[in-house]
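These notes concern the structure reproduced below.
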Amino acid sequence: MNKRILSEMRILAKGRNEVSVGYLAETFSVSERTIRNDLNEIDGILKEHGRQPLTVLNGIVKTAKDYDQVLDQAEYGDFYQYKLSKEERKLAAAAMLVNAPGYITLSAIADTLYVSRATIIHDLPEIKAYISEHALEVYSHPNRGLIVNGTEKDKRAFLLNIMTLARKEKIPVDPGKFISLKAGNQITISKILREQENSHRMHLTDASFKEVLCYLGVLISRNRQSAYIEDGGHEKGDYYLFAQDILRYLTQYCDFTTTEEEIRYFSRLLSKARFSSSNSGDHNAIRIQMKTRQIILSLSEELGIQLNTDYEIIGTHFLYAAYKYRSPNVVKTTLAYFRCHFYASDAYFWHLKYAEL
């Protein structure tokens, strides 16, 4: 947890249910997207300690009654009382090294893991040996720090392997926290993946879905650092269109750019995944999600406002309205909900009214 997030937590505690996303963005001189990512981080902290998550309505951040208790724990460092074992430090440090966009210092690794620089120096030979077992090499520079050399494919394979290892051995520290997997909203990634499964009639097994979801998180993290697959293969293959549509919508809603080589490589990975003959998902929910995305795109163009970052919030309210009223006319009931709770502009309201679901 960085200093900005802790400061945001203090502000939310003082301005109970009156602090806006815009105010936080202005206070810390960052974008609203960054603030929403910070709020996701805070939600993760709250979830880890059995607390109610934050809610954002009309841009106002609301906190639960027990929020102050969590802030007290954060202020006094209770969240970091757990000490990593040497093996856990090795995994986390290795993940940081491999995912780093360039050189990274021993001090930076030590600060992130809440240990001394001397501890990391002591662990370093084993960390280097572990990384070298995966066709990667760690090089050091006296003034710049450490850097890992190797292909992008090998780096991603390493990151996925280390996360799988951590999950199977039930290590209490998630390496994903140290490789920026929260760069892309995992809920949005999951929803888009489900949508495209339904659209292409290609339904992954639960195990393969989790693996693909994990890979997409790594892909987004790496692409945001301008790290791309060098050679995705010459043939497009049977899963190319499936891969292309998944990445097309992810780039739209998760704020990153990708390449043709990435699409081809992802399609090759999908060809190795397991698929089921039936889909146990909620077809109505998926249909509403897809239509929600289409409406958001049209609204963004008509109003000249970028609404892609609000996909999760708007989508949630579509679902809420649909299930609350149990009406076959999803548009009518959703409009009623939006009109009562969002005070939408005339353009927003009438565009929704004539949208075809």
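Here, each number is a calculation from the coordinates, and none is a lab measurement. Just so it is clear, the structure is predicted and the values come from calculations on it, not from any experiment. All Cβ positions, glycine included, derive from the backbone under ideal geometry; neighbour counts span all protein chains shown.
Per residue of the stretch 247-255, in order, report the coupling 6.51 cos²θ - 1.76 cosθ + 1.60 (Karplus, θ = phi - 60°) as ³J(HN,Hα) in whole Hz, putting x for Gly and Pro.
These are the phi-based 3J(HN,Hα) values: 6, 4, 6, 5, 5, 6, 9, 10, 6 Hz.
Per 0.36 nm of contour for each residue apart, how much would the distance between E152 and L213 grow if the chain were fully extended, relative to their Cα-Cα spacing?
Residue separation times 0.36 nm, minus the Cα-Cα distance, leaves 20.1 nm.
With a Förster radius of 22 Å, plug the Cβ-Cβ distance of E260 and T34 into 1/(1 + (r/R0)^6) and report the FRET value to the nearest 0.05. Let's see the in-between values first.
Numbers: r = 29 Å, r/R0 = 1.33.
Plugging the Cβ-Cβ distance into 1/(1 + (r/R0)^6) gives 0.15.
Express the Stokes-Einstein translational diffusion coefficient of the stretch 182-276 in µm² s⁻¹, to the nearest whole number, given a Kirkwood radius over alpha-carbon pairs, 10 °C and a viscosity of 1.306 mPa s.
Working: Rh = 13.1 Å.
After rounding, the answer is 121 µm²/s.
Distance from a point 7 Å along Cα→Cβ of E26 to each backbone N in the stretch 41-65: keep the residues under 14 Å and list them by number.
60
Between S226 and E87, what is the label-to-label distance in nm when each label sits 7 Å out along the Cα-to-Cβ direction?
With each label placed 7 Å out from Cα toward Cβ, I get 4.0 nm.
Please list, ordered by chain and number, the residues whose modelled amide H lies under 5 Å from the amide H of S276; skip anything fewer than 5 residues away on the same chain.
H203, L204, T205
Can you figure out the FRET efficiency of T164 with E137, using R₀ = 25 Å and their beta-carbon distance, to the nearest 0.05?
After rounding to 0.05, the efficiency reads 0.65.
Could you tell me which of the pairs K47/K191; K86/K155; K47/K272; K191/K236; K86/K272 are separated by over 30 angstrom between their Cα atoms in the structure shown?
Working: K47/K191 20 Å; K86/K155 22 Å; K47/K272 34 Å; K191/K236 25 Å; K86/K272 34 Å.
Cα-Cα > 30 Å for K47/K272; K86/K272; rest within.
Give or take rounding to whole Å, what are the principal axis extents of the alpha carbon atoms in the stretch 86-169, in descending order?
So the three principal-axis extents are 30, 27, 19 Å.
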